[in-house]
Amino acid sequence: MNFDKPNPFDPRPDLKIWFNGKIVPVSEAKISIFDHCILYGDGVFEGLRVYEGKVFRLTQHLRRLEHSARAVRLELPMTRDEMAAAVNEAVAANNVRDGYVRLVVTRGVGYLGLSHTRTANPTVFIIADQIELYPKELYEKGMAVISTSVVRNHPNAVAPRIKSCNYLNNILAKIEGLDAGVYEAIMYNHLGYVAECTGDNIFLVRDGLIQTPPITAGILEGVTRDVVIELARELKIPLREMDLTRHDLYVADECFLTGSAAEVIPVTKIDGRPIGDGMPGPTTRKLMSSFRELVRRGG
Ligand code: PXG
């Protein structure tokens with residue numbers, strides 16, 4: 001047995017964590033093995049961005065957290081204002097100017113059984129650190145993705161609108177993508193329509209129309225997705241939320257993904273097929289630069 005091998009992915013030791021109301025060194029931020037988040041993936045989370053020291057779209061993220069919590073009958077132990085203050089404390093404690101925030105609320109320690117009624121004291125922790133999801137050159141050249149055989153959770157199973165700590169549906173798709181040599185993977189829903197990627201929402205462009213799956217396709221209501229929809233409206237580029245099939249992926253002129261970590265990233269190959277002329281297209285480029293301008297202006 002060897003459980004003490006060095007781990008190259010260990011967090012840096014000087015990281016400070018907001019943990020149940022206090023700022024503590026990362027080595028002191030510990031969760032019980034009886035927390036139902038560990039035993040069952042029973043918890044909810046958010047992933048946010050910090051630009052120029054300011055948390056981007058904080059209210060939208062906290063609102064989504066509240067909805068996720070309500071959907072799984074987890075009572076948040078903090079008000080929205082307290083949560084916002086805590087996120088800002090975590091950011092300040094780590095002097096993050098441009099970075100990433102992970103906010104997690106666990107079900108809490110409980111009895112060895114599924115019942116949420118036999119748990120107490122959700123743990124809240126906030127990590128403020130750096131993230132670089134995809135290599136920088138992919139924002140210039142575009143990224144290759146696959147569409148996977150892993151079907152997105154049925155909305156009446158674990159609704160994809162819940163940002164829960166149970167991400168195995170997405171992780172299985174991610175594994176299929178990584179095995180195929182790509183960083184991201186598109187998932188179809190139970191009806192065979194395009195849903196979303198493992199950690200990003202998807203958009204296509206065809207004949208000047210931006211197309212994206214509707215929320216009813218069973219997707220996370222991405223904060224970045226909403227920003228792009230707003231930007232398209234401001235730029236007067238037509239956009240339609242519509243059911244999309246594999247065929248739509250293959251005949252698109254352009255494709256791009258959105259996410260808090262990824263921002264807006266062009267996709268130039270799907271399942272080995274070049275999209276459009278195989279280069280990031282003009283609409284994608286316009287939205288990428290508008291997005292960067294928006295975050296520079298402070299959201
Ligand atoms: N769909 C899913 C399934 C997500 O998890 C998005 C879309 C984009 O949503 P926002 O609100 O960020 O625009 C997400 C969020 C990762 C990672 O490490 C990705 C997300 C969250 C946490 C981690 O890849 N994406």
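A few comments on the model shown:
- Checking each residue in the stretch 194-217 for being under 13 Å from residue 237 (Cα atoms), without any contact (Cβ under 8 Å) to a residue 60 or more places away in the chain and assigned to a loop (DSSP other than H, G, I, E, B) picks out only 207.
- Some residue of the stretch 22-31 being outside any helix (DSSP H, G or I), open to solvent by less than 70 Å² (accessible area, probe 1.4 Å), in contact with a Gly (Cβ under 6 Å, 6 or more places away or on another chain) and not assigned by TED's automatic domain parsing to the domain that holds residue 200: no
- Filtered residue count, the stretch 149-170, keeping only those that are away from the ligand (no atom under 13 Å from the Cβ) and either in a helix (DSSP H, G or I) or open to solvent by less than 30 Å² (accessible area, probe 1.4 Å) (or both): 0
- Of all residues in the stretch 173-193 being closer than 20 Å to residue 155 by Cβ and in contact with a Ser or Thr (Cβ under 8 Å, 6 or more places away or on another chain), the one that is surrounded by the fewest Cβ atoms within 10 Å (Cβ to Cβ): 192
- Here the stretch 36-55 is the region considered, the condition is being hydrophobic (A, V, I, L, M, F, W, C) and within 16 Å of the ligand (Cβ to nearest atom), and the residue that is farthest from the chain's Cα centre (by Cα) is 37.
- Sole exception among (1) part of a strand (DSSP E or B); (2) open to solvent by less than 50 Å² (accessible area, probe 1.4 Å); (3) away from the ligand (no atom under 16 Å from the Cβ) for residue 240, by number: (2)
The values are calculated or read from the model by the stated rules, or taken from the named source; none is laboratory data. Keep in mind that what you see is a predicted model, and the values were worked out from it rather than measured. In this analysis, Cβ positions are derived from the backbone assuming ideal geometry, glycine residues included, and neighbour counts consider all displayed protein chains. Heavy atoms of the whole protein, side chains included, go into the accessibility calculation; ligands, DNA and RNA do not. Shrake-Rupley method; radii C 1.70, N 1.55, O 1.52, S 1.80 Å.
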